[in-house]
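The values are calculated or read from the model by the stated rules, or taken from the named source; none is laboratory data. Since this is a predicted model, take the numbers as computed values, not measurements. Cβ sites come from the backbone with ideal geometry, for glycine too, and all protein chains shown count toward neighbours. Side chains included, ligands, DNA and RNA excluded: accessible areas come from the protein's heavy atoms. Shrake-Rupley method; radii C 1.70, N 1.55, O 1.52, S 1.80 Å.
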Amino acid sequence: MAEAPEISLDPVDWSHFSRLAHETLDAAIAHMRAAREGAPWRPLPETARRDIDSPVPREPGDLSEILERARRSILPYPTGNAHPRFWGWVMGNGTAESVLADLLASAMNPHVGGYDQSASAVERRVIAWLVELMGYPRSASGLLVSGGTMASFVGLAVARRVKAGFDVRAMGLAGGPRLRFYGSVETHSWAEKCGDVLGLGRDAFRRVAADGEGRVRPEALRLAVREDRARGDRPICVVGNAGTVDTGAIDDLAALADLCRDEGLWFHVDGAFGALAILAPSLRGLLRGLERSDSVAFDLHKWGYLPYEAGCVLVRDREAHRDTFRTSASYLDAPGRGVLSEPLEFAELGLQLSRGFRALKVWVSLQTHGVDRIGRVIAQNVAQARRLAELIAAEPRLELLAPVNLNVVCFRYVEPGLPEPALEALNLEILLRLQEDGVAIPSSTRRDGRFALRVAITNHRTRRADIEALVAAVLRLGKSLRAGGAS
Ligand SMILES: Cc1ncc(COP(=O)(O)O)c(C=O)c1O
């Protein structure tokens, strides 16, 4: 019987593929160039949804038609974070040159668990840069991960390994003392999520009071640690915030470093966006003490402006880091030569064994702009947030709901005599109209129980005029909704 012809998944006609690739690249560039045009966000229309929801593709399709559908029905409907008036949650915009880096990374398709290859050398170099920029010792280790949650997961996992007082990796937690960790009430919800999946339990994270600026009270924290210890629990870690998600508050990191030294605790800094403020000389002082932490998490896809995913964790003690994730398997034995000459360096520093080439876009983007220039854009965002706060302060119909520590502004539209529930409904409607009318994308939060419009500026495209346009739109919407009886 004749053997079936062998096949591969390569294009049959590379010239045709090249033409399609160039067209696609042009479409991607046009998309990026037009970032300022039109609405930041548009809901996905039914037609686009139908284009996306095709049945299981059993047979080969026509790439040109598939790409055409992608350009028509996928490319125009992102979250909108490339737009200069996108300030929701905490999202960066992406940089153009990173797209080229991602293209090359995909073309190479390396497995960056380690191996003797260029991609690992690039990640090693990028980590060395970040170690230096964060003021960590050269001996520190680091890993690029999906994002801030994963980065803090790694930091907390090392803390658990080092501070549990028994071999958690071998024995698990059953039968041991209850492990606890601490941070302010303003800490991001990753803390409970990671406490849960690391087996400490959601409630292992003890949230401690913050001051009026949103910074943890170190003495309250010390008290909580001692209280738990007296009860027989085992405190392992303090989380310092370098930029809280709600208001951008930065804890007194030096005081927390002292506390951790005194109490023998691991000091992890969640600097998801705020740690990168270290690149701006005018802001660096706010982060004093970060360089004394045991681990720090931050996202280049937030205030580094890079495209997703580009989280990073640095750990001061390389051995402790490795010791938390190292495993062995005979199929991964390293003979000292060849492709797998050394044990898998990056796979030994986190959960992922197979890893993509995130580092290339970091390597390309940081060199293209230079970190000083990125620092200047970060300072520009802080100046824009302060400008917004000034505009709010000058306008009786607007109320600032939290101090502006960094780049986050919480405020609302107010009207004398309007009760709280009506104010909340009014501001929610303002928020949704801003988003749905394509004006701007703030998000929301609550401050002291009050509903707030929240503007987090991690956007290299924002200009002062965008901030002024937001204020004008909120005032216009507030007035017209009230006139129309919405409440
Ligand atoms: C302060 C802070 N920590 C952690 C995170 C989680 O980061 P990620 O969404 O990249 O997992 C965020 C996200 O906005 C954040 O603002």
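Remarks
- Selection count where residues are assigned to a helix (DSSP H, G or I) and open to solvent by 100 Å² or more (accessible area, probe 1.4 Å), scope the range 1-25: 3
- Within the range 303-330, residues that are under 30 Å from W89 (Cα atoms) reach partners that are basic (K, R) and within 16 Å of the ligand (Cβ to nearest atom) with beta carbons closer than 7 Å, at six or more positions or on different chains, in the pairs L306/K361; P307/K361; E309/R358; A310/R358; A310/K361.
- Unmet requirement for W87, which otherwise passes all of (1) surrounded by fewer than 22 Cβ atoms within 10 Å (Cβ to Cβ); (2) within 16 Å of the ligand (Cβ to nearest atom): (1)
- Taken over the range 32-51, the criterion of being under 15 Å from T462 (Cα atoms) and loosely packed, with under 12 Cβ neighbours inside 10 Å is satisfied by R33, E37.
- A Cβ distance below 6 Å, combined with a sequence gap of six or more or placement on separate chains, defines the contacts here; from the range 347-362, residues that are under 28 Å from A96 (Cβ atoms) reach residues that are of a type outside the set (A, V, I, L, M) and in a helix (DSSP H, G or I) in the pairs A359/E123; K361/S98; K361/D102.
- Answer residue from the range 296-331, given it is among the acidic types (D, E) and within 16 Å of the ligand (Cβ to nearest atom) and is farthest from A456 (Cα to Cα) among those: E309
Rundown of residues vs (1) surrounded by 14 or more Cβ atoms within 10 Å (Cβ to Cβ); (2) over 21 Å from I378 (Cβ atoms); (3) more than 24 Å from the chain's Cα centre (by Cα); (4) of a type outside the set (K, R), yes/no style:
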position	(1), (2), (3), (4)
D62	no, yes, yes, yes
E65	no, yes, yes, yes
A70	yes, yes, yes, yes
Y77	yes, yes, no, yes
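- Verdict on A128 being over 19 Å from the mean Cα position of the chain (by Cα), surrounded by fewer than 20 Cβ atoms within 10 Å (Cβ to Cβ) and closer than 18 Å to G304 by Cα: yes
One line per residue, one yes/no per condition, for (1) of a type in the set (A, V, I, L, M, F, W, C); (2) within 16 Å of the ligand (Cβ to nearest atom):
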position	(1), (2)
E415	no, no
E420	no, no
A425	yes, no
I430	yes, no
I441	yes, yes
D448	no, no
V455	yes, yes
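- Among the residues making up the range 282-302, those that are free of Cβ contacts under 8 Å to residues at least 40 places away in the same chain and either in a helix (DSSP H, G or I) or under 10 Å from the mean Cα position of the chain (by Cα) (or both) are R284, G285, R292.
- For the range 90-118, the set of residues classified as over 19 Å from the mean Cα position of the chain (by Cα) and more than 25 Å from T24 (Cα to Cα) consists of H111, V112, G113, G114, Y115, D116, Q117, S118, listed by residue number.
- Answer residue from the range 238-252, given it is free of Cβ contacts under 8 Å to residues at least 60 places away in the same chain and either surrounded by fewer than 24 Cβ atoms within 10 Å (Cβ to Cβ) or within 9 Å of the ligand (Cβ to nearest atom) (or both) and is nearest to G195 (Cα to Cα) among those: N241
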